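Down below is the structure, laid out as structure tokens.
The values are calculated or read from the model by the stated rules, or taken from the named source; none is laboratory data. Bear in mind that the values here come from a model prediction, so they are computed numbers and not experimental data. Note that each Cβ is placed from the backbone with ideal geometry, even for glycine, and that neighbours are counted across all protein chains shown. Heads up: the accessible areas ignore ligands, DNA and RNA and are worked out on the full protein's heavy atoms, side chains in. Shrake-Rupley method; radii C 1.70, N 1.55, O 1.52, S 1.80 Å.
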Amino acid sequence: MEVEYLMSKTGKPKAVVIPIDIWNKLLPKDDSSIDELSEALEDYCLSKAMDEGQKSPLLDRNEALKYLEE
């Protein structure tokens, strides 16, 4: 499932197309408010980021400090 970006004629992002499967996970009911959408989207993105983080290798203290210096 890919999120698609619609671009303006000048190449700037104009809109986002979200697959219906993702939309239904975010808003399972039709009468959701903007605040509920915002919170659900934030939860979804944080969950995805955590999933990606689990796939990355763990760094020891020295490696982490070196990474932060860069």
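Accessible area per residue for the chain in Å², computed with a 1.4 Å probe and the full protein assembly in place, what is it? Present the calculation step by step, with values, prior to reporting the outcome.
Numbers: 6690 Å² over 70 residues.
Result: 96 Å² of accessible area for each residue.
Ignoring trypsin sites (Lys or Arg not before Pro) that are buried or in helix or strand per DSSP, and keeping those with at most 11 other beta carbon atoms within 10 Å, what is the longest stretch of the chain between them? If you can, show how the numbers build up before the last one.
Details: sites that count: K9, K29.
Formally, the longest exposed-site-free interval is 30-70.
Within the chain, what whole-number % of the accessible surface is contributed by carbon and sulfur, with the 1.4 Å probe and all protein chains included in the calculation? Could the numbers behind the result be given before it?
On the way: 3650 of 6690 Å².
The value for the chain is 54 percent carbon and sulfur by accessible area.
The distance between label points at K48 and K29 comes to 2.5 nm (points 7 Å beyond Cα on the Cα→Cβ vector). Under the rule of -39500 (n - 2.57) per DSSP H run of 4 or more residues, summed and divided by the residues of the chain, what mean residue ellipticity at 222 nm is obtained, to the nearest 500 deg cm²/dmol? Estimated from H runs of four or more residues: -17000 deg cm²/dmol. Please work out which option in [x] 49, 35, 23; [y] 36, 27, 22; [z] 42, 30, 19 gives Cα extents along the principal axes in Å calculated from these coordinates, and answer with its label. Comparing each candidate, only [x] matches the computed number. Give the angle, between 0 and 90 degrees and rounded to the nearest 10, that separates the Cα long axis of helix 34-55 from the longest principal axis of the Cα atoms of the chain. Computed tilt is about 30 degrees.
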